[in-house]
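Novice: First, the structure itself, so that you have it in front of you.
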Amino acid sequence: MTDTSSVQTASRTSYWSAIREALQGTHQDFTTGSLRRAIALLAIPMVLEMFMESLFAIVDVFWVARLGANAMATVGLTESVLMLVYCFAMGLSMAATAMVARRIGEKDHEGAAVAATQALFVGIIASIVIAIIGGVTAPKLLEIMGATPEVIATGRSYAAITMGSSVAVVLLFLNNGIFRGAGDAAIAMRVLWLSNIINLILDPLFIFGIGPFPELGVTGAAVATATGRSIGVAYQLWILFSGTGRVKLVAGQCQANWKVMQRLSRVALNGMFQYGVAQTSWLVLVRFVSSFGSAAVAGYTVGIRIFIFAILPSWGLSSAAATLVGQNLGAQKPDRAERSVWLTGLYNMVFLGIVTIVFVAFPEPIIRLFTDDPAVIPFGVDCLRIISYGNLAYAYGMVMVQSFNGAGDTFTPTVVNIFGYWLFQLPVAYWLAFHTSLGPKGVFAAIPIAEAAIALVGVILFRRGRWKGKQI
């Protein structure tokens with residue numbers, strides 16, 4: 001009994017020690033030792049990082065929903081356009097993660113810093129161009145997305161500020177991609193928490209004009225978000241140049257290295273197109289939903305935001321797999337990289353299985369927490385329940401995709417996305433929505449159907465193992 005008690009006590013001590021180390025930051029070499037511990041040290045801060053990002057999305061909708069369906073439709077349509085900015089940011093972030101992770105696995109810290117610097121060059125220049133174009137054309141973008149004149153009048157300033165702050169969006173994603181690739185998941189977590197806590201505080205102040213703050217309505221949500229993201233970027237840059245993390249940028253590296261930039265851009269362009277395929281598909285889905293009115297778009301927006309609350313922590317787990325794949329391939333340990341993926345996928349399936357039970361069983365009470373509009377609630381309930389049926393497929397699908405990306409093989413998931421989204425999901429959604437009696441339910445149903453197919457193909461391709469020989 002004494003021996004058993006001692007083992008249990010030691011196990012609990014080790015468990016809490018791993019959590020504490022994960023939150024404080026670790027210098028462990030992820031190419032050696034226990035894989036379970038490595039996944040925990042990376043995944044805990046990544047999950048908490050994504051939890052805060054998803055909490056921000058939920059709270060944002062919570063306050064904006066108080067302004068009515070037009071304000072909600074503004075947020076939903078603008079976010080759909082902003083997804084194109086996200087796809088650029090995520091593609092570049094993905095390339096930075098893969099290259100930095102590979103160099104860290106090779107124990108080439110200077111090479112990791114060079115890759116990070118070149119990624120920053122590309123990110124800053126491109127995002128400035130995006131911000132200028134997006135800020136100027138914001139009202140037209142809302143019109144293209146099917147917004148009514150009332151929605152455009154309500155949301156033109158919101159859309160202009162949101163699109164105009166694209167530099168902060170891109171750099172926030174990119175810099176955290178650098179931290180994750182290096183294994184500094186705790187730093188990425190602290191950045192997102194800082195940025196989103198500021199946003200959560202400022203949101204109601206700017207929206208409703210509390211105290212000395214002006215009452216800006218839905219525009220206030222954009223101001224709060226842009227402020228929080230900008231402060232987060234400033235903190236990231238301070239960490240990168242101060243040498244607090246594993247990657248330290250120095251003034252001597254702040255010059256173009258065309259060879260590294262070319263390799264980075266090749267991986268990033270595939271990654272951008274990969275996410276661009278997925279996000280343009282989502283954008284078209286929103287356009288389909290908007291055909292059924294502002295209430296349908298508002299319900300879809302609430303349902304998707306709540307779903308993001310569950311799915312983003314899972315992306316945190318997937319990001320842990322990407323880092324482990326990149327670093328272990330750099331250390332010439334492909335079998336260890338593969339084991340980390342299957343183990344992470346199992347953890348993700350258990351987590352999203354629990355989420356599925358909750359969302360399928362209790363969608364209406366959850367939706368009612370964010371809106372009491374009787375016209376919006378049925379659409380939100382249908383969206384949340386139907387999309388959740390695909391959770392178990394998402395669990396493995398997203399881990400497979402991130403693993404390819406962590407290996408620097410952004411081409412394979414891009415091809416899968418083209419067939420899965422453009423050639424399968426969109427035709428299915430259109431047919432179900434406009435050629436059956438399902439209406440917007442048909443759009444919702446096409447999402448889990450397509451995601452299940454994409455996950456199955458991803459697993460098959462991953463098992464073939466060609467990603468193990470990818471050089472970057």
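The values are calculated or read from the model by the stated rules, or taken from the named source; none is laboratory data. Note that the structure is a prediction, hence the values are computed from the model and not measured. A quick note on method: Cβ atoms are made from the backbone with ideal geometry, for glycine too, and the neighbour counts reach across all protein chains shown.
Novice: Only one of (1) among the hydrophobic types (A, V, I, L, M, F, W, C); (2) assigned to a helix (DSSP H, G or I); (3) under 30 Å from S290 (Cβ atoms); (4) out of contact with any Gly (no Cβ under 6 Å at 6 or more places or on another chain) is not met by C87, so which one is it?
Specialist: Every condition holds for C87 apart from (4).
Novice: Same structure again: Can you run down the residue pairs with Cβ atoms below 9 Å, 6 or more apart or on separate chains, where the first is in the stretch 130-145 and assigned to a helix (DSSP H, G or I) and the partner is among the charged types (D, E, K, R)?
Specialist: A138/R156; P139/R156; L142/R156; I144/R287
Novice: Would you confirm whether or not the stretch 204-215 contains a residue that is touching a residue at least 24 places away in the same chain (Cβ under 8 Å), within 23 Å of the chain's Cα centre (by Cα) and surrounded by fewer than 23 Cβ atoms within 10 Å (Cβ to Cβ)?
Specialist: Within the stretch 204-215 (the criterion being touching a residue at least 24 places away in the same chain (Cβ under 8 Å), within 23 Å of the chain's Cα centre (by Cα) and surrounded by fewer than 23 Cβ atoms within 10 Å (Cβ to Cβ)), the answer is no, since none of the residues qualifies.
Novice: Looking only at the stretch 90-123, which residues are of a type in the set (K, R) and not in a helix (DSSP H, G or I)? Explain how you work it out, then say what you get.
Specialist: We begin by selecting, within the stretch 90-123, every residue of a type in the set (K, R); these are 102-103, 107.
Passing the criteria: only K107.
Novice: I'd like to check something: does the stretch 355-364 contain any residue that is over 25 Å from G111 (Cα atoms) and touching an Asp or Glu at 6+ places or on another chain (Cβ under 9 Å)?
Specialist: Here is the first cut: in the stretch 355-364, the residues over 25 Å from G111 (Cα atoms) are 355-364.
Filter again for touching an Asp or Glu at 6+ places or on another chain (Cβ under 9 Å), leaving 363.
Among the residues of the stretch 355-364, at least one is over 25 Å from G111 (Cα atoms) and touching an Asp or Glu at 6+ places or on another chain (Cβ under 9 Å), which makes the answer yes.
Novice: For the stretch 435-454, which positions are touching a residue at least 60 places away in the same chain (Cβ under 8 Å) and over 27 Å from V401 (Cα atoms)?
Specialist: G439, P440
Novice: (1) exposed (fewer than 14 other Cβ atoms within 10 Å of the Cβ); (2) of a type outside the set (V, I, T); (3) under 20 Å from the mean Cα position of the chain (by Cα): which one isn't true of A256, the others all being true?
Specialist: Against the list (1) exposed (fewer than 14 other Cβ atoms within 10 Å of the Cβ); (2) of a type outside the set (V, I, T); (3) under 20 Å from the mean Cα position of the chain (by Cα), A256 comes up short only on (3).
Novice: How many residues are within 25 Å of the chain's Cα centre (by Cα) and closer than 29 Å to A221 by Cβ if we restrict to the stretch 108-136?
Specialist: 14
Every residue, every condition in (1) surrounded by fewer than 24 Cβ atoms within 10 Å (Cβ to Cβ); (2) in contact (Cβ under 8 Å) with a residue 24 or more places away in the chain, yes or no:
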| position | (1), (2) |
| --- | --- |
| R156 | yes, no |
| A159 | no, yes |
| A168 | yes, yes |
| N175 | no, yes |
| I178 | no, yes |
| D184 | no, yes |
| M189 | no, yes |
| L194 | yes, yes |
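Novice: Now for a different question. If you check every pair at least six apart or on different chains, which have Cβ atoms under 8 Å apart with a residue in the stretch 110-125 that is without any contact (Cβ under 8 Å) to a residue 12 or more places away in the chain first and a residue that is buried (at least 20 other Cβ atoms within 10 Å of the Cβ) and not hydroxyl-bearing (S, T, Y) second?
Specialist: Within 8 Å, the pairs are G111/R103.
Novice: Can you tell which of T356, T371 is out of contact with any Lys or Arg (no Cβ under 6 Å at 6 or more places or on another chain), β-branched (V, I, T) and part of a loop (DSSP other than H, G, I, E, B)? Break it down into steps so the answer makes sense when it comes.
Specialist: Working: T356 fails: part of a loop (DSSP other than H, G, I, E, B).
Just one listed residue meets the conditions, T371.
Novice: For the stretch 307-327, state whether one or more residues are touching a Gly at 6+ places or on another chain (Cβ under 8 Å), more than 27 Å from G68 (Cβ to Cβ), hydroxyl-bearing (S, T, Y) and surrounded by 24 or more Cβ atoms within 10 Å (Cβ to Cβ).
Specialist: Step one: list which residues in the stretch 307-327 are touching a Gly at 6+ places or on another chain (Cβ under 8 Å), which gives 321-327.
Still in the running and more than 27 Å from G68 (Cβ to Cβ): 321-327.
Still in the list and also hydroxyl-bearing (S, T, Y): 323.
Of the ones still in play, those that are also surrounded by 24 or more Cβ atoms within 10 Å (Cβ to Cβ) are 323.
Yes: the stretch 307-327 contains one or more residues that are touching a Gly at 6+ places or on another chain (Cβ under 8 Å), more than 27 Å from G68 (Cβ to Cβ), hydroxyl-bearing (S, T, Y) and surrounded by 24 or more Cβ atoms within 10 Å (Cβ to Cβ).
Novice: Moving on to the next point. When the stretch 237-263 is examined, which residues are found to be under 17 Å from R180 (Cβ atoms) and at pLDDT 85 or above? Give the derivation first.
Specialist: Looking only at the stretch 237-263, we keep the residues that are under 17 Å from R180 (Cβ atoms), and these are 237, 239-240, 244-249.
If the condition is that a residue be under 17 Å from R180 (Cβ atoms) and at pLDDT 85 or above, then L237, I239, L240, R246, V247, K248, L249 are the ones that fit.
Novice: Kindly provide the set of residues from the stretch 232-247 that are crowded, with 17+ Cβ neighbours inside 10 Å and within 17 Å of A112 (Cβ to Cβ), ordered by number.
Specialist: Of everything in the stretch 232-247, those that are crowded, with 17+ Cβ neighbours inside 10 Å and within 17 Å of A112 (Cβ to Cβ) turn out to be Q236, I239, L240, G245, R246, V247.
Okay, residues lined up against (1) within 20 Å of the chain's Cα centre (by Cα); (2) more than 14 Å from I306 (Cβ to Cβ); (3) buried (at least 17 other Cβ atoms within 10 Å of the Cβ):
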{"position": "G330", "(1), (2), (3)": "no, yes, yes"}
{"position": "S340", "(1), (2), (3)": "no, yes, yes"}
{"position": "T356", "(1), (2), (3)": "yes, no, yes"}
{"position": "E364", "(1), (2), (3)": "no, no, no"}
{"position": "F379", "(1), (2), (3)": "no, no, yes"}
{"position": "N391", "(1), (2), (3)": "yes, no, yes"}
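Novice: Would you be able to say whether some residue in the stretch 163-171 is over 21 Å from Y86 (Cβ atoms), modelled with pLDDT of 90 or more and in contact with a Gly (Cβ under 6 Å, 6 or more places away or on another chain)?
Specialist: Here is the first cut: in the stretch 163-171, the residues over 21 Å from Y86 (Cβ atoms) are none.
Within the stretch 163-171, not a single residue is over 21 Å from Y86 (Cβ atoms), modelled with pLDDT of 90 or more and in contact with a Gly (Cβ under 6 Å, 6 or more places away or on another chain).
Novice: Determine the pairs where a residue that is in contact (Cβ under 8 Å) with a residue 60 or more places away in the chain, located within the stretch 456-472, has a partner that is acidic (D, E) with Cβ atoms under 9 Å apart, the partner being 6 or more residues away or on another chain.
Specialist: Pairs found: F462/E338; G465/E338; W467/D409; K468/D335; K468/E338; K470/D409; I472/D409.
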